[in-house]
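The values are calculated or read from the model by the stated rules, or taken from the named source; none is laboratory data. Note that the structure is predicted; figures quoted are calculated from it, not measured. A quick note on method: Cβ atoms are made from the backbone with ideal geometry, for glycine too, and the neighbour counts reach across all protein chains shown. The area values use the complete protein model at the heavy-atom level, side chains included, leaving out ligands, DNA and RNA. Shrake-Rupley method; radii C 1.70, N 1.55, O 1.52, S 1.80 Å.
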Amino acid sequence: MRHLIISDIHANLFALQAVLRDCEGTYDDVWFLGDVVGYGPHPNECVEQLGDLNCLAIAGNHDWATLGRLDAGSFNPDARHVLLWTQSVLSKGNMQVLDELEVSTVTEEHFTLVHGSPRHPIWEYVLHPQVAQANFDHFDTRYCLVGHTHAPVIFDEGDGNESTCEARLPAFNSGPQVLPDSRLIINPGSVGQPRDGDPRASYGILDTDSLTFEPRRAPYPVAQTQALMEQFGFPARLIIRLAFGR
Ligand SMILES: [Fe+2]
C-alpha cells in the first residue's frame, strides 16, 4: 500500500490542494498526523477536505485547543488569536469531527502514528536526537510517524547501541528512499506552515510493500493564503512567516 503522509495542515487549504495535485495517482490512502486547524484561514474547508479523503487521522494540540481541551492561555498570543477565531467559525459538525480524532494509533502495517511524540502524543516536540532517542522506548513498532515540529526529519536509532540516534534531513523530490532495518521516527514536515526555511508544502509518500519513503515538497500560492489571513485580521507575524517557511 502507498500512503500519503501529511501533517500540520493548519487550515491552509491552498497548500493542501497543492499537495493533493502534486501526488495525484501515486497513493492508495492517506494518513494524517494532526493539527488540521489553527494559524490558517480555512478551518472548515480543511476539516471537510480531510473527511472527503477518508483518511486515517489523529489529533494535534491545535485540534484539542479548538475543542477547549487545552488552555488557550498556553498558546502564544498570535496562535491564541487564531485559535479563538477558529472556535468562532468552526461548524458544529466539524467540531464533532475533531472530537472523534484518536490521540494515537498503530496501523495494520505496524506503524505508530502520533502528533507530538510517542511519550507525550499531543505536546512533546521531537526536534533533537536526544529527545528522539528517549522516545524509542515509548513505542513497540519498528517505525513511528510524528508531526508537530513542522520540520521534516528522520531519526534513525541505528543498531540501538549508540547513546544518541542520528538525525537525517530528507532529500526532497528525488524519488523513494529505502527505509533501513533500524527503528525510525519519521516526520514528513508541515503541509500548511513549514518551519524549516522552505515555504513549500511538505509531505511524504510511504510505500509499506517496498518499505520506501519519498519526501516531497509542493509549491502553493502563498500570497492567496496570506491575503485571506489579512482579510480576517490575523496577526502580521503569522502572515509574513508563511513566505519564509519559518
Ligand atoms: Fe502544528
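Only a single item in (1) over 22 Å from Thr149 (Cβ atoms); (2) assigned to a helix (DSSP H, G or I); (3) in contact (Cβ under 8 Å) with a residue 12 or more places away in the chain is not met by Gly93, and it is number (3).
The residues in segment 1-29 that are under 25 Å from Ala65 (Cβ atoms) and open to solvent by less than 10 Å² (accessible area, probe 1.4 Å) can be counted, and the count is 11. When only residues in segment 50-70 that are part of a loop (DSSP other than H, G, I, E, B) and either free of Cβ contacts under 8 Å to residues at least 60 places away in the same chain or more than 15 Å from the ligand (Cβ to nearest atom) (or both) count, which is surrounded by the most Cβ atoms within 10 Å (Cβ to Cβ)? Per the criteria, the residue is Leu70. Might you check whether a residue that is over 24 Å from Phe213 (Cα atoms) and open to solvent by 50 Å² or more (accessible area, probe 1.4 Å) occurs anywhere in segment 30-47? Yes, segment 30-47 contains a residue that is over 24 Å from Phe213 (Cα atoms) and open to solvent by 50 Å² or more (accessible area, probe 1.4 Å). Please verify whether segment 32-44 includes one or more residues that are of a type in the set (A, V, I, L, M) and outside any loop (DSSP other than H, G, I, E, B). Checking segment 32-44: not a single residue is of a type in the set (A, V, I, L, M) and outside any loop (DSSP other than H, G, I, E, B). Counting just the residues of segment 161-191 that are outside any loop (DSSP other than H, G, I, E, B) and more than 26 Å from Val222 (Cβ to Cβ), which one comes out nearest to the chain's Cα centre (by Cα)? Residue satisfying both the conditions and the ranking: Ile185. Scanning segment 125-156 for residues being in contact with a helix residue (DSSP H, G or I) (Cβ under 8 Å, 6 or more places away or on another chain) and either open to solvent by 30 Å² or more (accessible area, probe 1.4 Å) or part of a helix (DSSP H, G or I) (or both) gives a total of 1.
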